[in-house]
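The values are calculated or read from the model by the stated rules, or taken from the named source; none is laboratory data. For clarity, every value in this text was computed on a predicted model and none was experimentally measured. Neighbour counts are summed over all protein chains in view; Cβ atoms, including those assigned to glycine, are modelled from backbone coordinates with ideal geometry. Ligands, DNA and RNA are excluded from the accessible area calculation, which covers all protein heavy atoms including side chains. Shrake-Rupley method; radii C 1.70, N 1.55, O 1.52, S 1.80 Å.
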Amino acid sequence: MNSNSSRAAWRIVRFGVLMLAAAASLPAAPDVVGRVTGPSGTPIEGATVFVYTAAPKSGTSALCPSCYPDCGKQARSDATGTFKLAGLSSQLVFRLLVVASDYAPQFVPGIEPGQPSFAVSLTPRQNATASPAQTARGRVVDPAGAPIPGAVIEIAGAAFDGGRRRFGRLRGIDPLAVSDENGEFILTSSMPFAALIGRVSARAFANQSVQLAAGRSHTLRLTEGATLSGRVTLGGQPLPNVTLGLTPQNRAAGSFVGNFEVGTDETGRFTFLNLPPKTDYYVSGKMDTVGRHGALATRPVHVGRDGTVTDLGDLAVQPAPRLTGRVVLADGTKLPDQSRILIGRDQVSDLLPVDLGVDGEFDVPGIPSGIVTLSTRIPGYGMSSKNESYQAINHRLIGRIDADISGLIVLLEKNGLTEGSIMAASLPRPKPGDRLQDRPLRGIESTRE
């Protein structure tokens, strides 16, 4: 057996061990019962309800969201529209996917076994009589050509004649489709298009970006993907129950294959399965779990072709900067209850919500050194441009944290920018070649010194 075959075999064995361990440790629970209807409340018979992904109710997991034994289970609705999913774990919360012929598929998040019966109202598929110029069809298959049912094709944008491209949720275009038992799917639009742009995903297969030309039938052949593993340590000892993130280095619209997360097990090990192969990523520790211990430096990594295993060895958690400060409102009023700031990081998908104290204070340990962003979601208020690190294009603060920062004062103004923000012109601005994000993170504290 060659090294690639040995690695593939190791991946399969490890995946099986993880699945068996999860099955043994997660007790069964009451059924999940619901009802599928049309918009008028008419029951839909024959709808398929998939258990799409799962997550622990609390803590972290060494399994990917679609790797739990319960994922892949499904049920059909009867003549009254009722369905029942039996034997799901009581320790998990589930995301369901409901699919019915002639209706738009729908995700249903936050489902727990034993909760009261609930209804899922499906919307008739739009553009049912769309012409070939408004339609993209296809079939999702495995490497041997066998159909893959339940694959999800998500549309992120579209290309039009003349080279125009638009991204985001586009009115009149199906946002997603799900392959049927024959692996077949259809996407339609209320307007002609050259191609639909998005990605396809299916349990136990690697995500794949796709461009689906109008009026054609496409065969989307999914593969097992690659594996990335390693171990997280703290002071030379394994660190369990922390979450790692994996972010593609290429996040351009039309090429993005998705972000990935997985937790460390009791030995500190982590395993990302079914990764899009031959791709460059950034691996990082998520602030919400690693932050209490320190930080993991963001690390670039390349994964190989299908079936290969890349082992990163030990990733050591190191001491990290601490950020303390206060959010204040320019009009002097008290912050609303349950106000938060959001701390984000450059290059990787990692957004940490931080609850503010009664006087707007915050104290956040374990922020990895590098470029960070600060934003808020407080109704009626937005970041003031008086903040020295204010980034106008995204209405947030951006700057570097390379050591502890204390006494940061973040100013918010009613409805965002006000007349007083004109004073921001007196603050020092980056010189040519001196990027705002390369300067230390600052609020308005320098104006009060």
**Q.** Enumeration of residues in region 83-119 that are buried (at least 17 other Cβ atoms within 10 Å of the Cβ), more than 19 Å from Tyr68 (Cα to Cα) and in contact with a Lys or Arg (Cβ under 7 Å, 6 or more places away or on another chain)
**A.** Phe83, Tyr103, Ala104
Q.
Considering only residues that are among the small types (Gly, Ala, Ser), under 21 Å from the mean Cα position of the chain (by Cα) and more than 15 Å from Ile401 (Cα to Cα), which ones fall in region 344-359?
A. Ser349
Q | Subset of region 80-92 [assigned to a strand (DSSP E or B) and either out of contact with any strand residue (DSSP E or B) (no Cβ under 6 Å at 6 or more places or on another chain) or under 22 Å from Glu184 (Cβ atoms) (or both)] | A | Ser89
Q: Consider Gly268 carefully, then state whether it is open to solvent by less than 20 Å² (accessible area, probe 1.4 Å), of a type outside the set (A, V, I, L, M) and touching a Pro at 6+ places or on another chain (Cβ under 7 Å).
A: yes
Q) Can we say Ala79 is more than 28 Å from the chain's Cα centre (by Cα) and not basic (Lys, Arg)? A) yes
Q) What pairs can you find where one residue is in region 218-246 and at pLDDT 95 or above, the other is open to solvent by less than 20 Å² (accessible area, probe 1.4 Å) and charged (D, E, K, R), and their Cβ atoms are less than 6 Å apart, with a gap of 6+ or different chains? A) Thr243/Lys286; Gly245/Lys286; Gly245/Asp350
Q | Residue list for region 190-203, restricted to those being under 14 Å from Ala104 (Cβ atoms) and surrounded by 23 or more Cβ atoms within 10 Å (Cβ to Cβ) | A | none
Q: Would you mind telling me which numbered condition in (1) in contact (Cβ under 8 Å) with a residue 60 or more places away in the chain; (2) farther than 30 Å from Leu239 by Cβ Gly81 fails?
A: (1)
Q | Enumeration of residues in region 93-109 that are closer than 20 Å to Val178 by Cα and in a strand (DSSP E or B) | A | Phe94, Arg95, Leu96, Leu97, Val98, Val99, Tyr103, Gln106, Phe107, Val108, Pro109
Q. Considering region 212-238 alone, what residues qualify as being among the aliphatic types (A, V, I, L, M), under 21 Å from Thr298 (Cβ atoms) and open to solvent by 10 Å² or more (accessible area, probe 1.4 Å)?
A. Leu234
Q. Considering region 280-295 alone, what residues qualify as being touching a residue at least 40 places away in the same chain (Cβ under 8 Å) and in a strand (DSSP E or B)?
A. Tyr281, Tyr282, Val283, Ser284, Gly285, Ala295
Q) In region 136-152, which residue that is part of a strand (DSSP E or B) and over 23 Å from Gly38 (Cβ atoms) is nearest to the chain's Cα centre (by Cα)? A) Val140
(Q) List the residue pairs whose Cβ atoms are under 8 Å apart, where the first residue sits in region 296-308 and is part of a loop (DSSP other than H, G, I, E, B), the second is among the aromatic types (Phe, Trp, Tyr) and at pLDDT 95 or above, and the two are 6 or more positions apart or on different chains. (A) Thr298/Tyr282
Q.
So Arg95 passes all but one of these: (1) within 21 Å of Ala214 (Cα to Cα); (2) in contact with a strand residue (DSSP E or B) (Cβ under 6 Å, 6 or more places away or on another chain). Which condition number does it fail?
A. (1)
**Q.** Selection count, region 319-344, where residues are surrounded by 14 or more Cβ atoms within 10 Å (Cβ to Cβ), at pLDDT 95 or above and of a type outside the set (A, V, I, L, M, F, W, C)
**A.** 6
Q. Among (1) closer than 23 Å to Ser349 by Cβ; (2) within 23 Å of the chain's Cα centre (by Cα), where does Ala320 come up short?
A. (2)
Q. How many of the residues making up region 153-181 are over 20 Å from Thr53 (Cβ atoms), open to solvent by 30 Å² or more (accessible area, probe 1.4 Å) and not in a loop (DSSP other than H, G, I, E, B)?
A. 6
Q.
I'm trying to understand the selection: among the residues of region 143-158, which are charged (D, E, K, R) and under 17 Å from Ser101 (Cα atoms)?
A. none
Q: Considering (1) within 18 Å of the chain's Cα centre (by Cα); (2) not in a strand (DSSP E or B), say which one Pro113 fails and leave the rest.
A: (1)
Q) Restricting attention to region 56-75, does a residue exist that is more than 30 Å from Ser229 (Cβ to Cβ) and either under 20 Å from the mean Cα position of the chain (by Cα) or open to solvent by less than 40 Å² (accessible area, probe 1.4 Å) (or both)? A) yes
Q) List, please: which pairs have Cβ atoms under 7 Å, are six or more places apart or on different chains, and start with a residue in region 27-56 that is over 14 Å from Thr82 (Cα atoms) and end with one that is of a type in the set (D, E, K, R)? A) Val51/Asp70; Val51/Lys73; Tyr52/Arg95; Thr53/Arg95; Ala54/Asp70
(Q) Can you tell me how many residues within region 128-152 are touching a strand residue (DSSP E or B) at 6+ places or on another chain (Cβ under 7 Å) and surrounded by fewer than 17 Cβ atoms within 10 Å (Cβ to Cβ)? (A) 2
Q: Scan the strands (runs of 3 or more DSSP E) fully inside region 235-275 and keep the ones with 2 or more residues being more than 15 Å from the chain's Cα centre (by Cα).
A: 269-275
